[in-house]
Amino acid sequence: MSVADLLIVDDESTILESISMFMAEKGHAVHTAATVKQALELFEKTNPQVVILDIRLTDGSGLDALRQMKAVNPLARIIMITAFQDMETTIEAMKLGAYDYIHKPLDAVELDNTVAQAIESLEQDRKHTEFSEGPAGFDRGVIVGSSRVMKDVFKMIGMLCQNRATALITGETGTGKELVSRRIHLSSPDKDKPFITFDCSAVVNTLLESELFGHEKGAFTGAVTQRPGKIELAGDGTLFLDEVGELPLNLQAKLLGFLERKEYMRVGGCSNLTSRCRIIAATNQDLDQMVKEKKFRADLYYRLKVVTITLPSLKDRLSDIPLLVDHFIRKCAHDLGVKPMQLQDGCIERLKSHAWTGNVRELENVIISAAIRSRGNVILVETLDALLSGTAPQVSRYPASQSLAQVEKRHIQAVLASVQWNKTRASRILKISLPTLRKKIHKYQLSPNSG
């Protein structure tokens, strides 16, 4: 295990002595202080890698010491400790750059693990000292890939942006169908025209026709004004029909009519309107099979697939993962206004070994979650392991019909299960003290075998 120079700051002599003896036995070089003044003097003199700092000291606040220490050495890992349960203080400490926040009474194993993780995080940061700034004009619409299958996709996009042909984009959920559609539009001569998205699966059947073609005032109950549909809003631009396989058969016929004649009629209308908007449709379903099962019109299918782009699943383009990860890290840095993070050795191999049933979208979510959870400038393999294996604490979702007590019970049970019933870790995640957690366990009669 790596050792480091430690500074321990606490105004309770017994706690200060016990922590310093414990850390010295682990091989660390230990310095101690009982006040903010002593702590700041020792910090500048000894330049410790890790600081264990009490929040409330006799001559001031540990938060003030934290702020000044981070100003002197931003890389120092500062672990805050306190006997008080204060959400605002916890939040403020993390905002000021604290590495972690541990509640008293201290658990020796937890403290030891936290110090070890802080040292590992610092070593990883030092291995990756060259950080590149995020590009000023970061292009979130870029399609990333250098694999052969993606090069074929790029060729098809290049062909389509030179004309207004109807196109069908197929592929599994999360492969980037809307992104490809937008790139076709933005690369075309009509890039300054509207790009309208319509999710055919997100609207109830009774409103689909009105949403697509618009309606006249009084066309049905609730139609108090005339309203344009997506086709009309697209104008001379592009209408992207996502999940086109969800369209009911009667609306498929009307869409076919529009594609053939470029004419349509609002619901409740009596005259035809025209539009030259381009239709790009997408689906994750097997339309060929749906045609055989009479669930999708064959004539519409053939009219949509004038040009077809089939997007590969991520498992079929694993060589693109390093490029995708770099893109998502820079995207995250751009959005958060920070420098791009680095990856610990072994991260790419871990990512390539994952099944990726959610494809590129799942990869993006994992990278963003890992970047947010990382407390240094390096994403660790263990952080990815926790996310990919589902052991990282997640926000629970419960039916609105449940009482607050039921929600609390289920959430506490879920958190305890995620940390193998380590009550110290669970109390940290739940932001409550160990005694409070024990009371709630007793109150709800929770146990490792309870559901």
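The values are calculated or read from the model by the stated rules, or taken from the named source; none is laboratory data. This structure is a prediction, so every number in the text was calculated from the model and none was measured. Here the Cβ is made from the backbone with ideal geometry for all residues, glycine too, and neighbour counts use every protein chain on show. The accessibility values were calculated without ligands, DNA or RNA, using every heavy atom of the protein model including side chains. Shrake-Rupley method; radii C 1.70, N 1.55, O 1.52, S 1.80 Å.
List of remarks:
- In region 71-94, the residues that are more than 22 Å from LEU434 (Cα to Cα) and at pLDDT 90 or above: ALA76, ARG77, ILE78
- A search for C-beta distances below 7 Å between a residue of region 93-112 that is farther than 22 Å from ASP125 by Cα and assigned to a helix (DSSP H, G or I) and any residue that is at pLDDT 90 or above and open to solvent by 30 Å² or more (accessible area, probe 1.4 Å), counting only pairs 6+ apart in sequence or on different chains, returns ALA108/PHE22.
- Qualifying residue in region 207-214 (condition: open to solvent by 60 Å² or more (accessible area, probe 1.4 Å), modelled with pLDDT under 95 and in contact with a strand residue (DSSP E or B) (Cβ under 7 Å, 6 or more places away or on another chain)): no
- Scan of region 184-199 for residues that are out of contact with any helix residue (DSSP H, G or I) (no Cβ under 9 Å at 6 or more places or on another chain), open to solvent by 50 Å² or more (accessible area, probe 1.4 Å) and closer than 16 Å to LEU160 by Cα, ordered by number: LEU186, PRO189
- Of ALA219, ALA167, all but one fail to be open to solvent by 10 Å² or more (accessible area, probe 1.4 Å) and out of contact with any Pro (no Cβ under 6 Å at 6 or more places or on another chain); the exception is ALA219.
- Considering region 242-280, and only residues there that are among the basic types (Lys, Arg) and either out of contact with any strand residue (DSSP E or B) (no Cβ under 6 Å at 6 or more places or on another chain) or part of a helix (DSSP H, G or I) (or both), the residue that is nearest to GLU232 (Cα to Cα) turns out to be ARG276.
- Number of positions in region 134-179 that are of a type in the set (D, E, K, R), modelled with pLDDT of 90 or more and assigned to a loop (DSSP other than H, G, I, E, B): 2
- With respect to the conditions (1) under 29 Å from the mean Cα position of the chain (by Cα); (2) open to solvent by 20 Å² or more (accessible area, probe 1.4 Å); (3) on the phi < 0 side of the Ramachandran plot, VAL153 falls short on a single one, namely (2).
- For region 74-85, taking the residues that are in a loop (DSSP other than H, G, I, E, B) and in contact with a helix residue (DSSP H, G or I) (Cβ under 8 Å, 6 or more places away or on another chain), the one that is most open to solvent (accessible area, probe 1.4 Å) is identified as GLN85.
- Restricting attention to region 222-256, the residues that are under 34 Å from the mean Cα position of the chain (by Cα), surrounded by 18 or more Cβ atoms within 10 Å (Cβ to Cβ) and not charged (D, E, K, R) add up to 11.
- Residue count, region 333-373 (criterion: closer than 22 Å to THR175 by Cβ, in contact with a Gly (Cβ under 7 Å, 6 or more places away or on another chain) and open to solvent by 40 Å² or more (accessible area, probe 1.4 Å)): 2
- Residues in region 413-436 that are of a type in the set (A, V, I, L, M) and either modelled with pLDDT under 70 or under 19 Å from ALA108 (Cα atoms) (or both): VAL419, ALA426, ILE429, ILE432, LEU434.
- Of all the listed residues (ARG303, ARG261, ARG276), the sole one being open to solvent by 20 Å² or more (accessible area, probe 1.4 Å) and without any contact (Cβ under 8 Å) to a residue 12 or more places away in the chain is ARG261.
- When residues in region 28-55 are screened for being outside any loop (DSSP other than H, G, I, E, B) and more than 35 Å from the chain's Cα centre (by Cα), 16 of them pass.
- Residue within region 21-43 that is under 30 Å from VAL338 (Cβ atoms), loosely packed, with under 15 Cβ neighbours inside 10 Å and modelled with pLDDT of 90 or more present: no
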